[in-house]
1. In debye, nearest 20, what is the charge dipole magnitude of the chain about its Cα centre with +1 on Lys and Arg Cβ and -1 on Asp and Glu Cβ, if you could check?
2. Specify the angular offset, from 0 to 90 degrees and rounded to the nearest 10, of the alpha carbon long axis of helix 309-326 from the longest principal axis of the alpha carbons in the chain.
3. So, R0 is 45 Å and r is the distance between the beta-carbons of residue 141 and residue 258; what FRET efficiency does that work out to, to 0.05?
4. Per-residue counts of other Cβ atoms within 10 Å, averaged by peptide: what ranking do you get for 102-115, 385-398, 407-420, highest first?
5. Assuming R0 = 25 Å, can you tell me the calculated FRET efficiency for the pair residue 457 and residue 406, based on Cβ-Cβ distance, to the nearest 0.05?
6. Which of the three applies to region 114-173, rounded, prolate or oblate, going by the alpha-carbon gyration tensor with a ≥ b ≥ c and a/c under 1.5 meaning rounded?
7. What number comes out for the charge environment of residue 269, summing +1 per Lys or Arg and -1 per Asp or Glu over other residues with Cβ under 14 Å away?
8. If packing is taken as the average count of other Cβ atoms within 10 Å, what order do 290-298, 536-544, 244-252 fall into, highest mean first?
Amino acid sequence: MPKHAQHIPWWQDAVIYQVYPRSFADADADGMGDLRGVASKLGYLKDLGVDAVWLSPFYKSPQADAGYDVADYRQVDPLFGTLSDFDDLLTRAHAQGTRIIVDLVPNHTSDEHVWFQAALAAAPGSPERDRYIFRDGQGPNGDQEPNNWQSLFGGPAWTRTVNPDGTPGQWYLHLFDVKQPDLNWDNDEVHAEMRDILRFWLDRGVDGFRVDVAHGMVKAEGLPDWSEKVSMVQGTEQPTVHDTPPYFDQEGVHAIYEEWNAVLAEYDGDRMMVAEAWVEPMERIFRYVRAGEMQQAFNFGFLLAGWNAQNIVENVTETLAAAAVVGAPPTWVLSNHDTVRHCTRFGLSDPTTFPKGIAAQDEQPDEDLGRVRGRAAAMVMLALPGSAYVYQGDELTLPEHTTLPDECRQDPSFFRTGGVERGRDGCRIPLPWAAESPGFGFSRAVDDGDAPASSGSEPWLPQPDSYARYAADQQVGVEGSAFELYRLLLAVRADRELGRGRLEWSRQNRPADGVLSYANGALQVLANLGAQPVEVPADLEVAVASRPDAVTEDGFLVPDAALWLLPRA
Ligand code: GLC
């Protein structure tokens with residue numbers, strides 16, 4: 001880079017691949033993915049062309065919420081391996097130019113964390129209890145919750161403790177599961193500990209953090225009642241909540257991010273933080289990425305837009321405007337470990353709906369339609385300026401498991417809502433690597449190229465039979481596959497520096513008719529989310545098509561397809 005050139009941090013335009021360690025690849029064949037499994041697939045990720053990997057939690061945990069209940073922030077859970085497996089993964093990733101960001105869970109710990117155990121053993125009012133949010137109950141015997149807050153997983157957000165002598169004691173707050181007590185961010189020790197945890201991972205060399213429930217840590221003074229239920233993921237089927245709950249998006253959270261920004265600034269290499277903050281409106285999300293706070297925030301509005309040109313155009317327009325105000329990169333995401341996979345959502349009769357999991361008795365998606373749209377959606381997303389997130393399996397157009405038997409379910413939200421919410425297990429199914437192997441090659445020998453799978457345990461969640469057709473070995477190197485499409489898109493994106501580009505809506509953009517079209521530099525994106533064929537401008541030629549039959553002989557783009565176009569030479 002010439003000396004005078006402006007320094008652009010890597011995260012401005014990075015494509016970041018989310019690895020959900022439980023379900024990515026299982027090296028020791030115990031049915032649960034692990035860090036050595038991730039390391040064994042680094043070649044695959046390099047081949048795909050992603051810049052960075054975000055690892056969902058792999059820390060010591062009783063796994064009450066799949067690791068988002070951390071018992072020790074500085075240890076790897078034996079399920080996933082050891083610290084030295086982590087160091088090895090990081091070294092190998094860095095050697096091939098792939099960055100690694102890790103999940104940080106600061107809103108709550110596990111109830112098995114030493115701090116919470118000490119708090120239970122200590123008296124009300126003690127410094128040990130002050131690290132969490134303990135309160136006396138209401139009513140004459142203190143047997144009513146301290147306030148009316150509901151857990152995001154369903155049921156009350158308070159649980160009563162039992163004193164050492166067996167009598168009922170104080171209550172503690174848990175916005176999530178009963179095994180996830182909320183930390184008290186008014187306590188200086190909590191601040192100091194979390195800074196130290198950041199340094200622990202920064203010293204090991206991580207490139208950044210995905211910050212879990214980044215909008216949740218500070219609670220309004222006096223913990224006032226709040227009668228609306230807020231779901232984890234605000235679906236389009238719910239009325240939008242405009243008032244801010246007293247436990248989310250409080251002004252005080254921003255001071256925490258300033259503190260952490262200063263910690264990251266002690267390190268070289270453009271370390272970053274990305275906020276998981278389900279807040280609205282859009283301007284409030286971008287308050288998390290003002291100068292001196294975090295570097296990125298997830299844009300869940302894009303994920304919620306569904307397969308609908310108007311929703312997408314609105315979200316993109318608003319996002320770019322709000323991002324410009326604070327000078328932070330916009331981000332884009334279609335799926336993650338908390339939401340029904342987009343290839344499945346886009347195959348439902350209304351492709352803008354947002355179910356909280358799908359079970360056999362619910363509407364089943366049109367899988368082929370979903371995956372055709374999933375390919376086109378990737379083309380809409382990956383030419384946008386900014387940073388894009390890919391959830392493991394997106395590159396295979398992997399669907400949700402929509403008929404998972406209830407007895408296999410593990411997500412606490414399923415149990416806490418009495419099954420009303422089907423939960424998030426269906427998007428967390430172990431990846432299919434090899435169509436012909438047991439467990440589709442999820443559990444296998446460590447090194448790529450080794451003979452597949454010693455006969456290991458069953459995958460921790462069963463895979464649907466249809467996963468055979470999506471398996472990586474059916475797609476890598478196979479012309480016309482979704483994997484090869486993603487690989488091509490990422491290569492063109494990198495080559496043309498689309499992530500650093502600028503979007504301009506094209507003349508052809510007619511979202512009301514389902515036509516979405518924009519330019520980024522010389523590249524034009526044309527996507528047909530409507531029902532009628534759309535004319536392809538004669539002065540442009542197809543650089544990438546979402547599917548081989550995207551354009552008719554007379555030059556029209558068929559519905560549910562997209563093109564990347566370039567001026568004719
Ligand atoms: C975040 C995670 C989700 C987890 C919750 C509680 O939303 O993405 O998986 O259940 O936080 O930690």
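Rule-based calculations on the coordinates, nothing more; no lab input. This one's a predicted model, so the numbers in the text were calculated from it and none came from an experiment. Here the Cβ positions follow ideal geometry from the backbone for every residue, glycine too, while neighbour counts run over all protein chains shown.
1. 980 debye
2. Relative to the chain, helix 309-326 is tipped by roughly 60 degrees.
3. With a Förster radius of 45 Å, E is 0.55.
4. 385-398, 102-115, 407-420
5. 0.75
6. Verdict is oblate for region 114-173.
7. Surrounding charge for residue 269 is -3.
8. Ranking, from highest mean packing down: 290-298, 244-252, 536-544.
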